[in-house]
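The values are calculated or read from the model by the stated rules, or taken from the named source; none is laboratory data. Small disclaimer: the values here were computed from a predicted structure and weren't measured. Counting neighbours? That spans all protein chains shown, and the Cβs are built from the backbone with ideal geometry, glycine included.
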Amino acid sequence: MNVIKPMADETEGKPSGSLSRWLQERRFDVGKGYLQGRVLDFGAHHGVLTRYCTPEMYLGVENDPDFLAEARRLHPEYRFVTEIPESKTFDTIAAFAVIEHIKDPGSLLAVWAKALAPGGRIVMTTPHPRFEWIHTIGAKVGLFSQHAHDDHEDLIDRPLMARLGAPAGLVVERYKRFLLGANQLFVMRHREDG
């Protein structure tokens, strides 16, 4: 099931804000400690998470053909695909600044739940809905990517994430706000992995 839509790159070649690279690094800083075992990098873009994973423990999923080609060129020893392989499971599914760009995030969480190995974790970052106005202003003045902002579907807070994950048997195990509360880290797991 391909539920990713192409979205704006915040690093190369497409409209970007002056703080986009810095924001990307903050998301990686807060989430990289949760990357364990076999990692699925969902929305891999250019494969930046490869710096934290060995080739045999990494799979990048990216459906934008330009990003996919660039990831494969920059990281030839790593594997990149356009969809999650149905027969594979992962210890960590990482999705930094992705879920807010998805029309049906509950369906995506269900896909991830099926691909999550027992004891595994889904690690996500996403902007907090209360700070959408800051993102809107920042995009208009060039601090943040206007394209990425325009591509947002819905911003998700903690209660909504819990409701979206429940039908797939997922629970929020860890939650943290960062960047003065403007961004969120979610770590989710299967309910039965308690």
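Exactly one residue out of ALA166, ALA113, ALA162 is surrounded by 20 or more Cβ atoms within 10 Å (Cβ to Cβ) and at pLDDT 95 or above: that is ALA113. The residues of the range 35-59 that are under 15 Å from ALA97 (Cα atoms) and of a type outside the set (A, V, I, L, M), listed by number, are ASP41, PHE42, GLY43, HIS45, HIS46, GLY47.
Of all residue pairs spaced 6 or more apart or on separate chains, those with beta-carbon atoms under 8 Å, a first member in the range 98-113 that is more than 9 Å from ASP154 (Cβ to Cβ) and a second member that is surrounded by fewer than 20 Cβ atoms within 10 Å (Cβ to Cβ) and of a type in the set (Asp, Glu) are HIS101/ASP151; HIS101/GLU153.
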